[in-house]
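Heads up, the thing below is written out as structure tokens.
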Amino acid sequence: MEFYEVLKARHTVRRFTGEAIEDAVLHRILQAGLSAPSNDHLRQWEFVVIRGEENIARVLGKVTEQGKMQQELLKSRPLTESQRKMYDHAVPNQYRMLSDSGCLILPFFRQNADVLHPAALQHLNSFASIWCCIENILLAAAAEGLGCSLRIPVGEEWQFAAKEVGAPEGYLLPCYLGLGHPDPTETLPRQHPVSLEEKLHLERW
Ligand SMILES: Cc1cc2nc3c(=O)[nH]c(=O)nc-3n(C[C@H](O)[C@H](O)[C@H](O)COP(=O)(O)O)c2cc1C
């Protein structure tokens, strides 16, 4: 697929057909992740891939209860109409969109500064780098005709998942990615539209 077509094709998928992903395809997608720029020149990223309903359920142990809490919290937040539609679609599906993908990717990164209490923005460089890697994965999945669901672990969720998969100390999990074949019947809410004309400032803001 042509690059700008891939950009257009990428969107967050929360319903999957359940069809399996071939190993060769998975490897191409993760290899794309490893092609991302990295702050420390080492790409200190590790991917744990979990397949099969039971195995995925074990790792997502804490997600359901957190999803319910998020629903409650959102009720008190002022939201625009498009945000509300996005959240209404996303929040009740947090568990299912990961478990039904059939292929859960846990992208870990090595913490080489205190990213949870940064004293300066550059202390977040390892965190910024893993997100470059994640975006490459999302785009590569789109180029393969696949899609990803994405969830940020809330509260103790990530420590639970990290322990379940035996991740060593010093590695953090920024998100879960569910990789799968998109269900073509899913209706996708769209983000609040923005235009480059409004965002672009030539010479001076
Ligand atoms: C940093 C980040 C965090 C996100 N967290 C979640 C999440 O916890 N759960 C979820 O369902 N989607 C999550 N998303 C996906 C967004 O909801 C989605 O990208 C956005 O609504 C735009 O839709 P699109 O990806 O289809 O263009 C996240 C995306 C980003 C970049």
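Odds and ends about this structure:
- Normalising the Debye intensity of the chain to I(0), with uniform scatterers on Cα atoms only, and taking log10 at q = 0.08, 0.11, 0.12, 0.14 Å⁻¹ returns -0.29, -0.57, -0.68, -0.94.
- Burial ordering of CYS103, CYS175, fewest other beta-carbon atoms within 10 Å first: CYS175, CYS103
- The longest stretch of the chain left intact once loop-based trypsin sites (Lys or Arg not before Pro) with at most 14 other Cβ atoms within 10 Å are removed from consideration, loops following DSSP, is 1-189.
- Summing Cβ point charges (Lys, Arg +1; Asp, Glu -1) relative to the Cα centre of the chain gives a dipole of roughly 440 debye.
- Comparing mean-square fluctuations of PRO184, PRO168, PRO78 from a GNM of the chain with C-alpha springs under 10 Å, the top value falls on PRO78.
- Residue-by-residue Karplus 3J(HN,Hα) for the stretch 189-205, coefficients 6.51, -1.76, 1.60, Hz, glycine and proline x: x, 9, 5, 3, x, 10, 10, 4, 3, 6, 9, 8, 10, 8, 6, 8, 6
- Neighbour net charge for GLU144 - beta-carbon separation under 10 angstrom, K R +1, D E -1: 0
- Taking the chain as a Gaussian network of alpha-carbon nodes connected by springs under 10 Å, the highest mean-square fluctuation of the residues LEU138, LEU121, LEU26 belongs to LEU121.
- When the chain is treated as a Gaussian network with alpha carbon springs shorter than 10 Å, the biggest mean-square fluctuation among LEU139, LEU42, LEU179 belongs to LEU42.
- You can think of it this way: the chain between ASP114 and GLU81 has 8.2 nm of extra reach, that is 0.36 nm per residue less the Cα-Cα gap.
- Once C-alpha pairs closer than 8 Å and six or more residues apart are averaged by separation and normalised to the residue number of the stretch 3-199, the relative contact order reads 38 percent.
- Here THR80, THR12, THR187 are placed in order of increasing Cβ neighbour count within 10 Å, fewest first, which gives THR187, THR80, THR12.
- Summed over qualifying helices (DSSP H, 4 residues or more, each -39500 (n - 2.57)) and divided by its residue number, the chain shows a 222 nm mean residue ellipticity of -11500 deg cm²/dmol.
Quick note: the coordinates plus some simple rules give every number you see, no bench work behind them. Please read these numbers as outputs of a predicted model, since none were measured by experiment. Backbone-built Cβ (ideal geometry, glycine too); neighbour counts: all protein chains shown.
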